[in-house]
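The values are calculated or read from the model by the stated rules, or taken from the named source; none is laboratory data. As the structure is a computational prediction, the values presented were derived from the model and not from experiment. So basically every Cβ, Gly included, is an ideal-geometry build from the backbone, and we count neighbours across all protein chains shown. Surface areas here come from the heavy atoms of the whole protein model, side chains and all, with no ligands, DNA or RNA. Shrake-Rupley method; radii C 1.70, N 1.55, O 1.52, S 1.80 Å.
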Amino acid sequence: QVQLVESGGGLVQAGGSLTLSCAVSRTLFSMRFISWYRQAPGNQRESVATITYGGTTTYASSVKGRFTISKDNAEDTVYLQMTNLQPEDTAIYYCYTNYEYRDYWGQGTQVTVSS
């Protein structure tokens, strides 16, 4: 079992920044990867960024250069630093992983960007 708890969402003006946190109930040393997904109203859930056990990162093209995923192994927490936010970034942001062949999702945190 893995529990993922997101925090840090909120309302921000276009051009602003937010940092999301994902607290993981298991040591990050046991996790192959942690990803951030987002889902806007009426849209499918989409991958935003992923960080692997070894620290390799990947990003969706829409956020590359603006978002940074990182992790703190001592705190078992994964972060998503978001800069230059735009209204199209408005969505619920979820933490996700697959552990022992099971999918785990957090409850999500709302990010709203006003124009």
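Descriptive notes on the structure:
- DSSP assigns beta bridges within the chain; of those with both partners inside it, close to 90 percent run antiparallel.
- Reciprocal mean inverse distance between Cα atoms of the chain - Kirkwood radius, Å: 14.0
- For the chain, the per residue solvent-accessible surface stands at 53 Å², with DNA, RNA and ligands left out and a 1.4 Å probe.
- What the phi angles of the range 51-57 give under the Karplus curve with 6.51, -1.76 and 1.60, with θ = phi - 60°, is a coupling list of 10, 8, 3, x, x, 5, 10 Hz, glycine and proline written as x.
- Take every pair of alpha-carbon atoms less than 8 Å apart whose residues are at least six positions apart; their mean separation over the length of the chain yields a relative contact order of 37 percent.
- Top positive-direction residue, dipole computed over the chain with Cβ charges, set 18, 106, 61: 61
- Placing +1 on the Cβ of every Lys and Arg and -1 on the Cβ of every Asp and Glu, with no other charges, gives the range 5-84 a dipole of roughly 220 debye about its Cα centre.
- Projected label points at residue 100 and residue 84, each 7 Å from Cα along the beta carbon direction, are separated by 4.3 nanometres.
- Taking the 1.4 Å solvent-accessible surface of the chain as the whole, the part contributed by carbon and sulfur is 46%.
- Nonlocal amide H pairs with residue 31, under 5 Å, H built at 1.01 Å: none
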